[in-house]
Amino acid sequence: MEHLDQADKEYLLEHIRDIKDFPKSGIVFKDITTLLNDARAFGLLIDHLTARYEKQDLDFIAGIESRGFIFGAALAARLDKGFVPIRKAGKLPYTTIGEKYALEYGFDEVEVHIDAFESDNVKDKKQPRVLLIDDLIATGGTAVAATNLINKAGAHCIEACMILNLTFLEGRSKLEKITSVYSVLDI
Ligand code: AMP
């Protein structure tokens, strides 16, 4: 099902738990572990993403640490594509390239291995085509930095897929300036 109907969207939303004041006061944390441990919800989501992306010309799925790894790796295995982890600075063992982004106070940085988008499957391609995935877009800072990083690493981010879009924070419109955006659920 390339398009989710309202009942399916509601089923998924019912399986995302709100945790008030985590990790700090004033934040409502969207806990997707309750979606993952429900076989029907997780299956529905991955079936939907598979239907959406199976006909697209993709070379890699890149997931943002850490919940983007779960959805990204599951989808990559289904689509028979390589998976690339985009991690917080200092976590990847080999030579990396990074992209900094501003936080409310200070900055953060995401990194990817310098050769992440090279593999035998894409050796004749100048610009491998990458789908970026994460569980949630809030202010958009993380996804914008990850998209820039993919492009800096010599690949082309063809779309950013977010399971949840917190619409009141307007991160999506920032991200749309640099790539196509698909959000499964909008709240
Ligand atoms: P942002 O850069 O503000 O768009 O934040 C997105 C990143 O922070 C994603 O990797 C999310 O997993 C995480 N995140 C931000 N806000 C929340 C929230 N309310 N609940 C769960 N995760 C969040």
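The values are calculated or read from the model by the stated rules, or taken from the named source; none is laboratory data. Because the structure is predicted, anything quoted here is derived from the model rather than measured. Reconstructed Cβ throughout: ideal geometry from the backbone, glycine too, with neighbour counts over all protein chains shown. Accessible surface is based on the protein model in full, side chains and every heavy atom, while ligands, DNA and RNA are left aside. Shrake-Rupley method; radii C 1.70, N 1.55, O 1.52, S 1.80 Å.
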Checklist entry - Here are GLU104, GLU99, GLU109: which of them is surrounded by fewer than 16 Cβ atoms within 10 Å (Cβ to Cβ), part of a strand (DSSP E or B) and within 16 Å of the ligand (Cβ to nearest atom)? => result GLU109
Checklist entry - Considering the range 25-37 alone, what residues qualify as being within 11 Å of the ligand (Cβ to nearest atom) and either in contact with a strand residue (DSSP E or B) (Cβ under 6 Å, 6 or more places away or on another chain) or among the basic types (Lys, Arg) (or both)? => result VAL28, PHE29, LYS30, ASP31, ILE32
Checklist entry - Looking at the range 147-173, which of its residues are more than 9 Å from the ligand (Cβ to nearest atom) and assigned to a helix (DSSP H, G or I)? => result THR147, ASN148, LEU149, ILE150, ASN151, LYS152, THR167, PHE168, ARG172, SER173
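Does LEU12 count as within 16 Å of the ligand (Cβ to nearest atom), under 18 Å from the mean Cα position of the chain (by Cα) and open to solvent by less than 40 Å² (accessible area, probe 1.4 Å)? Spell out how you get there, then give the answer.
Details: within 16 Å of the ligand (Cβ to nearest atom): yes; under 18 Å from the mean Cα position of the chain (by Cα): yes; open to solvent by less than 40 Å² (accessible area, probe 1.4 Å): yes.
Here the answer is yes, as LEU12 does meet what is asked.
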Item to check | Selected residue [modelled with pLDDT of 95 or more, crowded, with 23+ Cβ neighbours inside 10 Å and either over 11 Å from the mean Cα position of the chain (by Cα) or among the aliphatic types (A, V, I, L, M) (or both)] from LEU166, LEU92, LEU131 | outcome: LEU131
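Just one of LEU58, LEU44 is farther than 23 Å from ALA146 by Cα and surrounded by 13 or more Cβ atoms within 10 Å (Cβ to Cβ); which is it? Reasoning before the result, please.
Working: LEU58 fails: farther than 23 Å from ALA146 by Cα.
Exactly one of LEU58, LEU44 is farther than 23 Å from ALA146 by Cα and surrounded by 13 or more Cβ atoms within 10 Å (Cβ to Cβ), namely LEU44.
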